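Values in this text are rule-based calculations from the coordinates and carry no lab data. None of these values were measured; they are calculated from a predicted model. Cβ placement follows ideal geometry from the backbone for every residue including glycine, while neighbour counts extend to all protein chains displayed.
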């Protein structure tokens, strides 16, 4: 039977290789007085050294030394320094194979280590079977298994055994979760879900593929297309406990797999697996569609406001000449009045002998109209977009399950009135007291509630943005309280420096502010404010200026010229050799890293330069379009990019230059 590979060489080395970092050496390989007492019972130096190394490797990473294994110099030097020996003293160790076995037997007897066999192995197999459901990847489960072996002082089996155990446990966990979901589905629901793979839309695509084809839109037609899908999905009577006890990452994985399969591929799956994927996709797409509908509404509102703003600005620009002429005429009239006042002439004849009263009345009317134009804000023009909202808003309010914080309760009541029909004067208590909407609403004719409806829809957008209103089960627009870390978790995690007693925290901050203000007052009185000065009652802070050494720019250019030209493909492969970022692009189903490294690099490069898979396939002679598409569908996704970027950032942080 071929060996099942679930870990890369880099991951395997991280799990089973002795540490070489100074901090890790101090943590795991510092010998206690008791350890030194057992070690000194060996007479010869090389036996003491070998016994100590066996003990250290048993503790971490938790395995035995292999015959002829090369010990890292950092490890041998660190252990030798504690024993008063040198690295050369290890050369004669285990010249007799029996010596190594005898030492291992002594270590097991003294420290209670046991091999991976018998009852201990059965217990660990049961443990890994339970733990597999919560594990997020093959590497994660392998790390948990190795940590559990260290805790129970069980000597690690071979790497192939660990990988086989993890792979079997993950497959069994996946099947249990699929069976759990499938058995919660009623026969009627099962039949309805099966229709997703059989029914077609417009005779072109299956209902299953049609449902997952959605993205954020910017107009009412796009919003209605999204609501067609949401309305269809809401017909399914999914049980409330469908995903109870199922880890979130397992739900996400099932949904992503459903988004990769076409209808034919789904039909070929085992029944429980097919039902689980269909049910999860139905539930998850409901939430995703609701989020996308809210985002589309956000864009429609923003688009209308920007259009109104442009219209107001255009009108102001168009009246620029009229404003100039009107101001010039009033300036002339004002100048004539001031001249007459200075000369002692009667003022009542100035208008009559000047522009005339009829012309003056025209100027006043023009000035009044221009004042209204200049004072207009975009809200005065949003009524032009009312017809857009009527095309989708009533349906949107009916389909979305909106919930609100206490501060947004008036807005939710206005939404309910808008949903059910306006039968009485609509309330305006959802508006802020100083809101501009009040002025525009008061100017509307009695019985015309169109502007009020637009105000409600505008405030729905703002409330979703602020989190005052949320959707049940949503990821983007969910209840913010569900995203907060519980106080109990904060108390147990020392790294989260969050104040648990606000009163004490505020008192400490006030005291600190008091101290700083007193220090600043003393510096102000003595004229020693760092980087600033007070002149004429105003504080002036010195600007920070760039202090670039002379010739630095020339040095940078010179360094760039000395860099050898490199092909981007070679650069990608070299960065991968150093960081291993390609290991983040695991298979969506099996969790195994992509075995086709060159193909993966071609896909990443095609996406990075926005070339597309077809053009990349035409540009390379190693992969066809369908090969690249398979890699892109099953290995490349947003979370994989996040993991790969994190690995590159960690590699940067480990470089010596990162210390500066």
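The long axis of helix 220-233 is offset from the longest Cα principal axis of the chain by roughly 40 degrees.
Shape analysis of region 218-257 based on the Cα gyration tensor places the equivalent ellipsoid semi-axes at 28, 15, 7 Å, largest first.
Hey, how many Å between the Cα centroid of region 206-272 and the Cα centroid of region 307-327? Rounded to whole Å, the Cα centres lie 50 Å apart.
Cα centroids of region 102-174 and region 562-582: 37 Å apart.
Sorting the segments 263-270, 226-233 by their residues' average number of neighbouring beta-carbon atoms within 10 angstrom, most packed first, yields 226-233, 263-270. Compared with the dominant Cα axis of the chain, that is its longest principal axis, helix 409-420 is turned about 70°. Ellipticity at 222 nm from helices only: DSSP H runs of n ≥ 4 in the chain, each -39500 (n - 2.57), divided by the residue count, give -19500 deg cm²/dmol. Of all beta bridges DSSP finds with both residues in the chain, what is the antiparallel percent, to the nearest 5? Percentage antiparallel, nearest 5: 90. Across all directions, the average flat footprint of the convex hull enclosing the Cα atoms of region 187-297 is 7.2 nm².
Determine, for 277, 541, 422, the number of other Cβ atoms within 10 Å of each Cβ, and report the residues in order from fewest to most. It would help to have the intermediate numbers written out before the result.
Numbers: 277 25, 541 10, 422 13.
Ascending number of Cβ neighbours within 10 Å: 541, 422, 277.
By the count of neighbouring beta-carbon atoms within 10 Å, fewest first, 145, 236 end up ordered 236, 145. Computed from Cα positions, the angle between helix 357-375 and the longest principal axis of the chain comes to roughly 10 degrees. Here the extension length gained between residue 518 and residue 540 equals 6.0 nm, from 0.36 nm per residue of separation less the Cα-Cα distance. The calculated FRET efficiency for the pair residue 578 and residue 439, based on their C-beta separation and a Förster distance of 56 Å, comes to about 0.35. Normalising the Debye intensity of region 401-482 to I(0), with uniform scatterers on Cα atoms only, and taking log10 at q = 0.15, 0.26 Å⁻¹ returns -0.55, -1.32. Rg and Dmax over the alpha-carbon atoms of the chain stand at 36.9, 129 Å.
Averaging Cα coordinates gives a centre for region 523-559 and one for region 277-296; these two points are 53 Å apart. Taking one quarter of the surface of the convex hull spanned by the alpha-carbon atoms of region 80-176 gives a direction-averaged projected area of 8.3 nm². Considering Cα pairs under 8 angstrom that are at least six residues apart, work out the relative contact order of region 152-295 and quote it in whole percent. It comes to 34 percent, rounded to a whole number.
Report the semi-axes of the equivalent ellipsoid for region 461-613 in whole Å, largest first, where each axis is √(5λ) for an eigenvalue λ of the Cα gyration tensor. Provide the component values of the computation, followed by the final result.
On the way: eigenvalues 451, 261, 63 Å².
For region 461-613, the ellipsoid semi-axes come out as 47, 36, 18 Å.
The order of the peptides 556-568, 65-77 by mean Cβ neighbours within 10 Å, most packed first, is 65-77, 556-568.
Taking a ≥ b ≥ c as the square roots of the Cα gyration tensor eigenvalues, with a/c under 1.5 meaning rounded and otherwise prolate when a/b beats b/c, else oblate, which class fits region 9-111? The partial results should precede the final answer.
Working: a/c = 1.42, a/b = 1.27, b/c = 1.12.
It is rounded, given that a/c, with a ≥ b ≥ c, falls under 1.5.
Would you please classify the overall shape of region 564-659 from the alpha carbon gyration tensor, given that a ≥ b ≥ c denote the square roots of the eigenvalues, rounded means a/c under 1.5, and beyond that prolate means a/b larger than b/c while oblate covers the rest? Judged from the Cα gyration tensor, region 564-659 comes out oblate (a/c at least 1.5, b/c at or above a/b). Peptides 163-173, 246-256 ranked from most to least packed give 163-173, 246-256, packing being the mean of other C-beta atoms within 10 angstrom over each peptide's residues. Over the chain, Cα pairs under 8 Å with separation of 6+ residues give a relative contact order of 10 percent.
If you rank 44, 442 by fewest surrounding Cβ atoms within 10 Å, what's the result? Present the calculation step by step, with values, prior to reporting the outcome.
Values: 44 12, 442 8.
In order of increasing Cβ crowding within 10 Å: 442, 44.
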